[in-house]
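Enquirer: First the structure, which I've put down as structure tokens, then a few questions once you've had a look.
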Amino acid sequence: MRRALTAVAMAAAFAVGHAMVTDSAFAETKPSKEALEKHKTKPGERYEPSLDVLPGEGSERVVEEGVPALDDKQFARAKQIYFERCAGCHGVLRKGATGKALTTKVTRELGFEYLRDFVTYGSPAGMPNWGTSGDMTTDDVSLMAKYLLHEPPMPPEFGLKEVKATWKVHVPVDKRPTKPQNKLDIDNLFSVTLRDSGEVAIIDGASKKIVKILKTGYAVHISRLSASGRYLFTIGRDAKINLIDLWMKEPTTVAEIKVGMEARSVETSKMKGWEDKYAIAGSYWPPQYVIMDGATLEPIKVVSTRGMTVDTQEFHPEPRVASIVASHYNPEFVVNVKETGKILMVNYADIKNLKVTSIDAERFLHDGGFDSTGRYFLVAANARDTVAVVDTKEDKLVKLIKTGVKPHPGRGANFVHPKHGPVWATSHLGDETIALIGTDPEKHPKKAWTVVQTLEGQGGGSLFIKTHPKSKNLWVDTPLNPEAELASSVAVFNIDDLDKGYEVIPVGEMSGITEGVRRVVQGEYNKDGTEIWFSVWNAKDQESAIVVIDDKTRKLKAVIKDKRLVTPTGKFNVYNTKNDVY
Ligand code: DHE
């Protein structure tokens, strides 16, 4: 027993500093229940990038003597597991990100047995307990321990030549209509990600009917609208962008391109005078962003994000591009670089002589949104429990604010607090709190950029929070909470009486679906702010649905079910998305 506990304790030490040496006589007996409990993965720790497209992209393997031999099949399997489950934290090149570096210098010093037990038990510092949770078999754990003793394979780069080779214009601009050719209420369409089928569903907001299902990249992450609302952009995890023209007889992909191998963000120019002119997409691999023509997707410029971190000012070889938004105050894109912690204000007025203002914020930037005026952008540095605020008019960092454990706002929620004036809210992956941050430096200077109130929600594992300027409701989901009941319901607060606490709305149950975990994810309002739509997200081979709730009564209004609605997750209402209403 003593040795087993040592194994767990060593794993913890490894997670905080790699200070230990290898114990060759490692755990033959099982650690105590209590120790195992401490090592169990928390909801936030499962929510890390999974680079599941990369294993298929021919990366170079270095074969060396003196490390445990792996045949091609074993190596390919280990590589796949590594990119899907480990690279999100430890980096594609194993130089470390939120997790520790796993270069061969480190792993060979620790040795096979140490690595095997670390992967098995995880650590209280955040490493998942892959073995004891049953997520990996004993054979796979051993395979991974061996794989880590090999040099990491290097995935290829993807420069302008490669990007351009994937570019296709299906309908040239001069063959496109000059006014809408359909009777759709375009402003109230919803673009819905069908995650596991590689499609989006375009759904009419009033009739709730599917207008069209379009083939897209793999597991579209987000949809964004051009400033005019005519063009819908989707980005797959495989970095494929579809440019969908909503003015055609029926929504149609008019151009497509692949900007890298793994990506999560796309945006279009919104500054007055530059509407619909440019598009931008950021990738996780290679670490770069690409500026394109807004009507054709022709790639214009590829810019690397590799560089120094804001804190220790060390070189980071693979800083991923997380969220991107378009400034309303300058002809700029706001590009959030995860591992370096820099917010790049990329000015598109003169792309040949590109001006980039680099704002030092905080490492591990992820998702965020504007305040109600559209001037300030608030973005979560989730692994640092911080929200960074930038002023997009002055291009300056305003403040770094500690909120709770792993803030995850989506785009956040703006409303007027009865006591503190305008606030922006975020929920958290790592705890049950909801932080309300004052956003009005003019009329409420003492409250601005501080947490003015912390609410208690249902639990951790929250991803998205939502309200609407016409609503009195603040909705908070908890899809990653380990308790099925919490994962399949949402909490709703009355904005005028926040101290009263929340009401639980059992959205999963309301869907009528009886199988699966029924994760309820990402509320999205219709154009008028009278209904909120939630996805009931089940596994690919199970039934899923979209549940529409009447915002005033909080009662069920409709359930959208269709065989074609495979794993619906994100939903993007045209009007609200193009106007940054949230
Ligand atoms: Fe997301 C937004 C990254 C997992 C659904 N997600 C974002 C953004 C980033 C991101 C960078 C912000 C884009 C922007 O604003 O420009 N997401 C990641 C990951 O790295 C992560 C943790 C793991 C991964 O490998 O992708 C991840 N995300 C998920 C999911 O598992 C979700 C719940 C389901 C899915 O479809 O994959 C999911 N992410 C979403 C949604 C948004 C999003 C719905 C947009 C929310 C909004 O309202 O703006």
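The values are calculated or read from the model by the stated rules, or taken from the named source; none is laboratory data. The structure presented is a predicted model; accordingly, all values stated were derived computationally and were not measured. No Cβ is skipped: glycine too gets one built from the backbone with ideal geometry, and neighbour counts run over all protein chains shown. Accessible surface is based on the protein model in full, side chains and every heavy atom, while ligands, DNA and RNA are left aside. Shrake-Rupley method; radii C 1.70, N 1.55, O 1.52, S 1.80 Å.
Enquirer: Which of the pairs Lys105/Lys396; Lys399/Lys466; Lys212/Lys466; Lys179/Lys338; Lys215/Lys270 have their Cα atoms more than 28 Å apart in this structure?
Expert: Going by Cα-Cα distance, Lys105/Lys396; Lys179/Lys338 fall outside the 28 Å limit.
Enquirer: Considering only DSSP states other than H, G, I, E and B, which GluC sites (Glu not before Pro) in the stretch 280-360 qualify as loop sites with at most 14 other Cβ atoms within 10 Å?
Expert: Glu314
Enquirer: Specify whether the C-alpha gyration tensor of the stretch 63-117 places it in the rounded, prolate or oblate class, a ≥ b ≥ c being the square roots of the eigenvalues: rounded for a/c under 1.5, otherwise prolate if a/b is larger than b/c and oblate if not. Please report the intermediate quantities before stating the final value.
Expert: On the way: a/c = 1.80, a/b = 1.17, b/c = 1.53.
Judged from the Cα gyration tensor, the stretch 63-117 comes out oblate (a/c at least 1.5, b/c at or above a/b).
Enquirer: Here is a follow-up. Using only the heavy atoms of the protein chains and a 1.4 Å probe, how would Ile210, Ile437 rank by accessible area, largest first?
Expert: Largest accessible area first, the residues go Ile210, Ile437.
Enquirer: Taking the Cα-to-Cβ direction at Asp496 and at Ala101 and moving 7 Å from each Cα, how far apart do the two end points lie in nm?
Expert: 5.8 nm
Enquirer: Can you tell me the 0 to 90 degree angle between the C-alpha axis of helix 112-121 and the longest principal axis of the chain, rounded to 10?
Expert: Approximately 50 degrees, to the nearest ten.
Enquirer: Once the whole set of protein chains is in place, how much accessible area is left on Asp550, using a 1.4 Å probe, in Å² to the nearest 10?
Expert: Taking all protein chains as shown, Asp550 has close to 40 Å².
Enquirer: Related question: Out of the GluC sites (Glu not before Pro) in the stretch 46-138, which ones are loop residues according to DSSP with at most 12 other C-beta atoms within 10 Å?
Expert: On the way: sites: Glu57, Glu60, Glu64, Glu65, Glu84, Glu109, Glu113; in loops: Glu57, Glu64, Glu65.
For GluC sites (Glu not before Pro) across the stretch 46-138 that sit outside H, G, I, E and B with at most 12 neighbouring Cβ atoms in 10 Å, the list reads Glu64, Glu65.
Enquirer: Using only Cα atoms, tell me the angle between helix 138-147 and the longest principal axis of the chain; keep it within 0 to 90° and round to the nearest 10.
Expert: Computed tilt is about 90 degrees.
Enquirer: Mind jotting down the distance between the C-alpha centroids of the stretch 480-534 and the stretch 563-582, whole Å?
Expert: Between the Cα centres of the stretch 563-582 and the stretch 480-534 lies a distance of 16 Å.
Enquirer: Find the accessible area per residue for the stretch 154-300; the probe is 1.4 Å, ligands and nucleic acids are left out, and the unit is Å². Each step should come with its number before you reach the end.
Expert: Values: 5160 Å² over 147 residues.
Ligands and nucleic acids excluded, the figure is 35 Å² per residue.
Enquirer: In addition: Among 426-435, 92-101, how do they line up by average Cβ neighbours within 10 Å per residue, starting with the highest?
Expert: In decreasing order of mean packing, 426-435, 92-101 become 426-435, 92-101.
Enquirer: Now for a separate question. Could you sort the peptides 215-223, 317-325 by per-residue average Cβ neighbour count (10 Å cutoff), highest mean leading? Present the calculation step by step, with values, prior to reporting the outcome.
Expert: Values: 215-223: 21.4, 317-325: 23.7.
Ranked from most to least packed, the peptides come out as 317-325, 215-223.
Enquirer: Expressed as a whole percentage, what fraction of the accessible surface of the stretch 104-196 belongs to carbon and sulfur atoms when a 1.4 Å probe is rolled over the protein heavy atoms?
Expert: Taking all protein chains in place, the stretch 104-196 shows 54 percent carbon and sulfur surface.
Enquirer: What is the packing order of peptides 303-311, 489-497, taking the mean over residues of other C-beta atoms within 10 Å and listing the highest first?
Expert: Result, highest mean Cβ count within 10 Å first: 489-497, 303-311.
Enquirer: Which value at 222 nm does the chain reach when only helices count, each DSSP H run of 4 or more adding -39,500 (n - 2.57), with the total divided by all residues and rounded to the nearest 500 deg cm²/dmol? Don't jump to the answer; show the numbers that get you there.
Expert: Details: 12 runs with 87 residues, N = 582.
Calculated from helices alone, the mean residue ellipticity at 222 nm is -4000 deg cm²/dmol.
Enquirer: Taking the Cα-to-Cβ direction at Lys352 and at Val517 and moving 7 Å from each Cα, how far apart do the two end points lie in nm?
Expert: In this crude label model, Lys352 to Val517 measures out at 5.3 nm.
Enquirer: On average, how much accessible surface per residue is there in the stretch 523-582, in Å², for a 1.4 Å probe, leaving out ligands, DNA and RNA?
Expert: On a per-residue basis, 39 Å².
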